[in-house]
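Data block below; observations after.
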Amino acid sequence: MSVVGPRPEVAEYVRKYSEAQRKVLDYKPGITDLASITYFEENALLAESENPEKTYVEEIMPEKIRINLEYQQTATVWTDLKVIFRTALRVFQ
């Protein structure tokens with residue numbers, strides 16, 4: 001596990017990944033990632049949903065995977081440091 005990388009998903013949801021989405025599994029998982037910052041208030045979004053499971057699987061999860069796959073294409077030490085800094089700002093605000 002690394003500091004910055006796609007957050008591991010539970011096996012139940014990984015089984016639902018498309019072939020393209022499975023590419024996120026090629027990257028070393030991390031403690032934080034850009035998708036976690038983007039969806040920091042994920043629980044609030046799910047609480048507002050009539051069907052939280054469906055909302056997660058059809059809306060949130062695909063977007064988190066897209067963010068992570070896109071991030072990995074341009075990841076550097078500097079972008080990782082930015083993610084760590086942004087994570088600290090979110091956690092400690």
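The values are calculated or read from the model by the stated rules, or taken from the named source; none is laboratory data. In this text the structure is predicted, and so the values were computed from the model without any measurement. Backbone-built Cβ (ideal geometry, glycine too); neighbour counts: all protein chains shown. Side chains are part of the model used for accessible areas, which takes the heavy atoms of the whole protein and leaves out ligands, DNA and RNA. Shrake-Rupley method; radii C 1.70, N 1.55, O 1.52, S 1.80 Å.
Say each of VAL57 and SER2 gets a label point 7 Å from the Cα, pointing the same way as Cα to Cβ; how far apart are those two points in nm?
For VAL57 paired with SER2, the spin-label model returns 3.1 nm.
Which value in deg cm²/dmol, rounded to the nearest 500, describes the helix-derived mean residue ellipticity at 222 nm for the chain, given -39,500 (n - 2.57) per DSSP H run of n ≥ 4 and division by the residue count? Display every interim value, and only then the final one.
Values: 6 runs with 49 residues, N = 93.
Value at 222 nm, helices only: -14500 deg cm²/dmol.
Please compute the net charge surrounding VAL3, taking Lys and Arg as +1 and Asp and Glu as -1 over other residues with Cβ under 14 Å from its Cβ.
Result for the neighbourhood of VAL3: +2.
With all protein chains present, how much of the accessible area of the chain (probe radius 1.4 Å) comes from carbon and sulfur, to the nearest whole percent?
Details: 3580 of 6430 Å².
Using a 1.4 Å probe with all protein chains present, the chain comes out at 56 percent carbon and sulfur.
With contacts defined as alpha carbon pairs under 8 Å and 6 or more residues apart, what's the relative contact order of the chain in percent?
Working: 79 pairs, mean separation 33.9, N = 93.
Taking the mean separation of contacting Cα pairs over the length of the chain, I get 36 percent.
Taking the solvent-accessible surface of protein heavy atoms with a 1.4 Å probe, what is the per residue accessible area of the stretch 50-93 in Å²? Write out the running numbers ahead of the final one.
On the way: 3200 Å² over 44 residues.
Per residue, the stretch 50-93 has an accessible area of 73 Å².
Filter the GluC sites (Glu not before Pro) in the chain down to the DSSP loop ones having no more than 12 other Cβ atoms within 10 Å, then list what survives. Walk me through the numbers on the way to the answer.
Working: sites: GLU9, GLU12, GLU19, GLU41, GLU42, GLU48, GLU50, GLU53, GLU58, GLU59, GLU63, GLU70; in loops: GLU9, GLU19, GLU41, GLU50.
Loop-located and lightly packed - GLU19, GLU41, GLU50.
Using the Cα centre as the reference, give the magnitude of the dipole from point charges on the C-beta atoms of the stretch 47-93 (Lys, Arg: +1; Asp, Glu: -1; all else neutral), rounded to the nearest 20 debye. Before the final figure, lay out each step's value.
Values: 6 positive and 8 negative charges, 74 e Å.
Here the size comes out at about 360 debye.
Might you report the magnitude of the Cβ-based charge dipole of the chain about its Cα centre, with Lys and Arg at +1 and Asp and Glu at -1, to the nearest 20 debye? Write out the running numbers ahead of the final one.
On the way: 12 positive and 15 negative charges, 85 e Å.
Using Cβ point charges on Lys, Arg, Asp and Glu, the chain gives about 400 debye.
What is the chain by shape, rounded, prolate or oblate, if you read a ≥ b ≥ c off the alpha carbon gyration tensor as root eigenvalues and call it rounded for a/c under 1.5, prolate for a/b larger than b/c, and oblate otherwise? Present the calculation step by step, with values, prior to reporting the outcome.
Working: a/c = 2.24, a/b = 1.22, b/c = 1.84.
Judged from the Cα gyration tensor, the chain comes out oblate (a/c at least 1.5, b/c at or above a/b).
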